[in-house]
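Just below is one structure, and these are the notes that go with it.
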Amino acid sequence: MDNPEDNSSKSLPHGEIVMRTIAMPSDSNGNGDIFGGWLMSQMDIGGAVLARSIARGRVATVAADSMSFVSPVAVGDVVTCYARLVSIGRSSMKIDIDAWVQRFKTNELRRVTEGVFTYVAIDENGRPRPVPDQKQG
Ligand SMILES: CC(C)(COP(=O)(O)OP(=O)(O)OC[C@H]1O[C@@H](n2cnc3c(N)ncnc32)[C@H](O)[C@@H]1OP(=O)(O)O)[C@@H](O)C(=O)NCCC(=O)NCCS
């Protein structure tokens with residue numbers, strides 16, 4: 001079984017910073033740990049920041065795969081999401097998103113979550129549209 005504190009395969013954040021926030025008490029359960037759903041939503045928003053810039057417009061999330069919660073987030077931790085484009089289809093984009101925290105009490109950096117989100121470029125009617133050619137400015 002994986003050691004949840006083992007970050008050896010990803011010892012440094014990679015990708016661009018797309019979201020940074022502080023985990024608040026309202027995002028936590030009774031133990032003071034942050035809800036996984038809150039973290040996923042920060043990752044989704046962060047991934048959408050990158051997807052929108054690639055798609056040059058509106059996008060919708062269609063899938064969140066390979067979610068792993070590797071370490072808990074605590075109230076007061078600074079949460080940073082890093083996103084990296086994995087692949088582009090006709091209308092879809094797969095984006096790898098890692099969330100890291102800087103611990104409130106110790107300043108220690110730790111990877112807490114990773115996942116691959118799929119976004120689809122959509123038009124004004126909410127229907128898929130082709131992702132623009134990335135070579136053209
Ligand atoms: C996004 C949406 C318009 C796509 O419509 P659709 O009828 O599935 O369109 P298509 O079948 O043509 O698929 C479009 C692309 O999405 C991809 N796709 C669709 N469902 C997918 C899934 N579950 N996982 C990965 N990719 C998926 C397809 O492979 C296709 O990729 P490509 O164009 O790069 O080849 C529609 O699924 C939708 O509105 N979903 C709800 C989105 C939403 O509300 N998100 C917020 C959730 S709270």
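The values are calculated or read from the model by the stated rules, or taken from the named source; none is laboratory data. The structure displayed is predicted, hence computed values, not measured ones. Using ideal geometry, Cβ is built from the backbone for each residue, glycine included, and neighbour counts are taken over all protein chains shown. Keep in mind that these areas ignore ligands, DNA and RNA; they rest on the heavy atoms of the full protein, side chains included. Shrake-Rupley method; radii C 1.70, N 1.55, O 1.52, S 1.80 Å.
Data table
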read-out	value
Which of Glu108, Glu114 is most accessible, then next, and so on - probe 1.4 Å	Glu108, Glu114
Built amide H within the under 5 Å cut-off of Phe104, gap 5+	Asp77, Val78
Rounded tilt (10° steps) of 36-55 against the dominant C-alpha axis of the chain	30
Accessible-area value, Met43, 1.4 Å probe, nucleic acids and ligands omitted, Å²	0
Vicinal HN-Hα couplings computed from phi for segment 98-115 (Karplus, 6.51 cos²θ - 1.76 cosθ + 1.60; Hz; Gly/Pro x)	10, 10, 10, 10, 10, 4, 4, 7, 10, 6, 4, 9, 8, 6, 10, 8, 9, x
Largest-first principal axis extents of the Cα set of the chain (Å)	45, 31, 29
Rel. contact order, % - alpha carbon contacts under 8 angstrom, at least six apart, segment 1-101	38
Share of carbon and sulfur in the accessible heavy-atom surface of the chain [1.4 Å probe, %]	53
Gain upon complete extension [Val86, Gln136; 0.36 nm per residue less C-alpha separation]	16.1 nm
Segment 37-95: mean projected area of Cα convex hull, nm²	4.6
Quarter of Cα convex hull surface for segment 68-125, i.e. mean projection, nm²	5.3
14 Å beta-carbon shell around Ala121, net charge (K/R +1, D/E -1)	+4
Mean accessible surface per residue for the chain, computed with a 1.4 Å probe while every protein chain stays in place, in Å²	56
